[in-house]
Every structure is written in C-alpha cells, then in structure tokens.
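Here the structure is laid out as structure tokens; the discussion comes afterwards.
The values are calculated or read from the model by the stated rules, or taken from the named source; none is laboratory data. All values reported here derive from a predicted model rather than from experimental measurement. Virtual Cβ from ideal backbone geometry, glycine too; neighbours counted across all protein chains shown. SASA here: full protein model, heavy atoms, side chains in, ligands and nucleic acids out. Shrake-Rupley method; radii C 1.70, N 1.55, O 1.52, S 1.80 Å.
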Amino acid sequence: MERLRVILAGLGVRGRHWAEVLRRTSRCEVVAYVDPNPAARQRLNEQLGERPGFNTPEEALAAMPDVGGIVLANPPIGRKAQIEAAAERHIPMLVEKPLALSVAEAAEMVHIAERHQTPLMVGLNFRYLAVTKATRQLLADSTVGQPEFARFTYERYRDGNRPDLNKYPLQMDQPMLWEQSIHHFDLMRYVYGAEPVEVQSRTWNPSWSMYESDANVAALFTFSNGMTVNYQGTWQSGWSVPNFEWRTDCTNGVIVQKDQFGALHMATQPAAALTPIDLPPHELWITETQGLLDAFVNAVMDHKPLECSGRDHLQSLAMVEACAISSRESRTVSIDSIIPPLFS
Ligand SMILES: NC(=O)c1ccc[n+]([C@@H]2O[C@H](COP(=O)([O-])OP(=O)(O)OC[C@H]3O[C@@H](n4cnc5c(N)ncnc54)[C@H](O)[C@@H]3O)[C@@H](O)[C@H]2O)c1
C-alpha cells in the first residue's frame, strides 16, 4: 500500500496527539520530526522511533523533497514563511487551529496556498466527534424541528501553568477567543450549516486571572438562517470543575450537549425529560483527530474534496476577531466587514 510520507512539526502537547494518531494510521508514515527544542525531538525518537530531526519546517522541507504532507502543530505565530515553503513545493498542509492570530494574516496564507494550488486544511478536530455528527443528523432529520436559538456555555478553570499545557496563551492577546472559542464558533457554523452575520460581544479578565489578556468572552451572534446564539466562555472559572452545555431550541424541541466530547440529549416539546442519544466509544483527543487525519489523507491521496479548508476557516476566525473589535469599540460588528474583499 502506498503511504503518505509526512513531516510532523511542533512536538508539544498537540504534536504528541498527532504523533500517536499518525503512528496508528496505516496510510501514513512520519519521516521527520521538527522542533527547535532538542528534548522534544528526543522524546519522539524514543517513543516512536528515530527519524531525521530539524529545527524549523523550512529546513525539513528543503532537506526532504520526497514528502507528501506536513502537519504543523507549532504555535500559531510566524507560520507564514512555513506555509510559503510548503506551498512552493506543493506539499499539502494540515495546520493546527487557529491558522493565524489575525484574519488578514490567515487570508494571506490561504492566498499563498491557493496560488500554488496546494491543499491547506485546518485542524478542526471537534467537527469529527461522534457527538457533532449526531447533532447534525438530528437537525437534518428535523427530529425536533428547525433550530431558532441556542445557548453555548463553556466554563473551565484552565491552569495555564500546568506542565502538560502550552504556555504561550498566558501572554498572548485574547487567549480564550483565539485558542478556545475558535473551536466553538467553528462548531456553530458547521452544525447549523449557516454563516454568521453579526455579533455583539464583551470580553474581560476576572480579578484572579493568570492570563495577561481576557479569559472571558460573552457574545451574541446572529446567523444567516436567522438563528441567535448566546455564547459564554471562560478559561478562568471560579470553580475547578468544568461545565459545558450547548442547548439548541428548535420549533419542536431541544438538543442538549452536556460534555464537549459527548453526552448528547434531545427532547420533543411536550416531553417531560431529556432522552440520551447513544454515541460510539471515544478515545479523548485521538478518535476525532483520527477522523481529521483520514479526511486529509482522503483529500491528498484519493482526491476527495478538502474539508476544513483554510478559506472556510476565515469565516470562523472572522467571528473571533469581530468579538475582539465589538468588545473594544462597544458596537455591533458585521462578520463580512472582517473578511478581506478577495475572500468575501
Ligand atoms: N485541535 C486541538 O484540539 C488542539 C489542542 C491543543 C493545541 N492545539 C493547537 O496546536 C498548536 C500547538 O499547541 P500546543 O498545545 O502543542 O503548544 P506547545 O507549546 O505545547 O507545543 C508547541 C511546540 O512547537 C514547538 N515550536 C515552536 N516554534 C516552532 C517552529 N518554528 N517549528 C516547529 N516547532 C516549533 C515548540 O518548541 C513546542 O515544542 C496551537 O496552534 C494550538 O492552538 C490544538
């Protein structure tokens, strides 16, 4: 069987999920490790077997012309030159979210990839959860009617100093929005099959926050299908026990997801209690990342349509940036106004 030869760049928390998923995928083979930290490369050599190591994706791409893909699981800072180096060589890219820390920079990257006709997929693994697919199915079947409004709550005390978590969000601007809410906003678009129109938002930082910039986000979105979604997210909840609830109110009932990886329920309008929906077993951070990788391999090797494209991602990034602007300027922000003309 022909295998996709892949460079794995960024060997931190997320890179290690990727290493495990790539190891289990018979259609892929990791051929190089990239990380400026020698200890990170050494850990992978010991865990998954020796591979050539490089400090930067650019060096790896120059040294290894015979590769079929690159996974970028490094922080979303300074990725433009890396994307340029891959696109010039027509190496398909699977890049972790958020693609960049501004819509303008992300749009430049998308432009570079498209100019070189090179696939650029973004790591939106939550789209590949069974709970996400089941919610889409419930809405497609019209089991509870048409969705009209929703409340999305994500409350977590994220100890940014924990050794098993990345550190750069402690100092970055709007960490909750760019690093976490991006997944939630993308899920809204994906599950409702609608595009965001405008948002009113306020972001702030609790007095006890360990993050330099805002860990709290409140936002009210309007979507193209008329839906209103009320969002509240925090990385600095006052309680160590996390809380997740995504409730969608429809013309004949509700859909309620009580855990970010599962716990799906529904009720028709007159029902006295929620009914749990059966979901297949799930291995945290692995099963859904496997789904994402399979979609990438299918696009690259079997020429299936590219999912989670960079171009599509611009809409979700625009929701993030619109929230930051809305909060800073105390006004409603149209999502279209954030997208560069070439992409709107
Ligand atoms: N999709 C998800 O569920 C998910 C989960 C966690 C993180 N992420 C994303 O993955 C990315 C990395 O996050 P993380 O938590 O692994 O961060 P991390 O800080 O734990 O690891 C980042 C690694 O990248 C390395 N690095 C820095 N510059 C590099 C470069 N130029 N080339 C190659 N490697 C470089 C660092 O040395 C470090 O080992 C971010 O975009 C983050 O948002 C996604």
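Could you please put THR248, THR275, THR56 in sequence from largest to smallest accessible area, using a 1.4 Å probe? Numbers along the way, then the final one.
Working: THR248 5, THR275 75, THR56 45 Å².
Ranked list, largest accessible area first: THR275, THR56, THR248.
With charges only on Cβ, +1 for K and R and -1 for D and E, what is the dipole size of the chain about its Cα centre, in debye, rounded to 20? Before the final figure, lay out each step's value.
Values: 31 positive and 40 negative charges, 72 e Å.
About 340 debye.
Which one of ALA140, ALA322, PHE343 has its Cα pushed farthest toward the positive end of the charge dipole of the chain, where Lys and Arg give +1 and Asp and Glu give -1 at the Cβ?
ALA140
Which ³J(HN,Hα) values, rounded to whole Hz and listed in residue order, are derived for segment 218-233 from phi using the Karplus coefficients 6.51, -1.76 and 1.60 in 6.51 cos²θ - 1.76 cosθ + 1.60 with θ = phi - 60°, glycine and proline given as x?
For segment 218-233, the Karplus-derived couplings read 10, 8, 10, 9, 10, 10, 5, 8, x, 5, 10, 10, 9, 10, 9, x Hz, x marking Gly and Pro.
Determine the share of segment 1-96's accessible area contributed by carbon and sulfur atoms, expressed in whole percent, with a 1.4 angstrom probe. Let's see the in-between values first.
Details: 2000 of 4090 Å².
Answer for segment 1-96: carbon and sulfur cover 49 percent of the accessible area.
Using a 1.4 angstrom probe, figure out how much accessible area the chain has per residue, in square angstrom, rounded to the nearest whole. List each step's numbers first, then the result.
On the way: 14840 Å² over 344 residues.
About 43 Å² of surface per residue is accessible.
Can you tell me how much longer the chain between GLU329 and MET210 gets when fully stretched, taken as 0.36 nm per residue apart minus their C-alpha distance, in nm with one decimal?
On the way: separation 119, 0.36 × 119 = 42.84 nm, distance 2.46 nm.
Difference between extended and current length: 40.4 nm.
When the Karplus curve 6.51 cos²θ - 1.76 cosθ + 1.60 is applied with θ = phi - 60°, which whole-Hz ³J(HN,Hα) does each residue of segment 48-57 get, with x for Gly and Pro?
10, x, 5, 9, x, x, 9, 7, 9, x
Putting +1 on Lys and Arg Cβ atoms and -1 on Asp and Glu Cβ atoms, find which of ALA272, PHE185, PRO65 reaches farthest to the positive end of the dipole of the chain.
ALA272
Give the carbon-plus-sulfur fraction of the accessible surface of segment 215-306 in %, rounded to a whole number; probe 1.4 Å, heavy atoms of protein chains only.
Values: 2340 of 4370 Å².
Carbon and sulfur together cover 54 percent of it.
As a test of reading the structure, rank ASP302, ASP214 by solvent-accessible area (1.4 Å probe, protein chains only), most first. Working shown, then result.
On the way: ASP302 65, ASP214 35 Å².
My answer, sorted largest first, is ASP302, ASP214.
With θ set to phi - 60°, apply the Karplus curve 6.51 cos²θ - 1.76 cosθ + 1.60 along segment 242-247 and write out the HN-Hα couplings as whole Hz, x wherever there is a Gly or Pro.
For segment 242-247, the Karplus-derived couplings read x, 9, 9, 8, 10, 10 Hz, x marking Gly and Pro.
Which whole number of Å³ per residue matches the convex hull of the alpha-carbon atoms in the chain? Working shown, then result.
Values: hull volume 48.3 nm³, N = 344.
With only Cα atoms used, the chain gives 140 Å³ per residue.
What lysines sit close enough to LYS80 to cross-link, taking a C-alpha to C-alpha distance under 17 Å and skipping anything fewer than 8 places away on the same chain?
Within the straight-line limit of under 17 Å, LYS80 reaches these lysines: LYS97.
So for segment 228-336, considering every pair of alpha-carbon atoms, how many percent are separated by more than 20 Å? Spell out each step's value before the answer.
Working: 3874 of 5886 pairs.
Percent of Cα pairs beyond 20 Å in segment 228-336: 66.
Hey, what did segment 4-123 get for relative contact order, percent, Cα under 8 Å, at least 6 apart?
Numbers: 209 pairs, mean separation 29.2, N = 120.
Computed value for segment 4-123: 24 percent relative contact order.
Round to a whole angstrom and tell me the spacing of the C-alpha centers of segment 129-162 and segment 171-225.
So the two Cα centres are separated by 15 Å.
Counting other Cβ atoms within 10 Å, which chymotrypsin sites (Phe, Trp or Tyr not before Pro) in segment 140-239 have at most 10 and lie in a DSSP loop? Before the final figure, lay out each step's value.
Details: sites: PHE149, PHE152, TYR154, TYR157, TRP178, PHE185, TYR190, TYR192, TRP204, TRP208, TYR211, PHE221, PHE223, TYR231, TRP235, TRP239; in loops: TRP208, TYR211, TRP235, TRP239.
Sparse-neighbourhood loop chymotrypsin sites (Phe, Trp or Tyr not before Pro): TRP208, TRP239.
Just flag the chymotrypsin sites (Phe, Trp or Tyr not before Pro) in segment 1-99 sitting in loop per DSSP whose Cβ has no more than 14 other Cβ atoms within 10 Å.
Working: sites: TRP18, TYR33, PHE54; in loops: none.
When the chymotrypsin sites (Phe, Trp or Tyr not before Pro) of segment 1-99 are filtered for loop state and at most 14 Cβ neighbours within 10 Å, nothing remains.
Using a 10 angstrom Cβ neighbour count of at most 15 plus a DSSP loop assignment to flag exposed GluC sites (Glu not before Pro), which longest range of the chain is free of such sites?
The reported range is 51-211.
Over segment 133-221, what number does the Rg to Rh ratio reach, with both radii from the alpha-carbon atoms and Rh per Kirkwood?
Details: Rg = 15.9 Å, Rh = 15.1 Å.
That ratio is 1.05, to two decimals.
Roughly what would the spin-label model give for ASP159 and ASP259, points 7 Å off Cα along C-beta, in nm?
Each label point lies 7 Å from its Cα, and together they span 2.2 nm.
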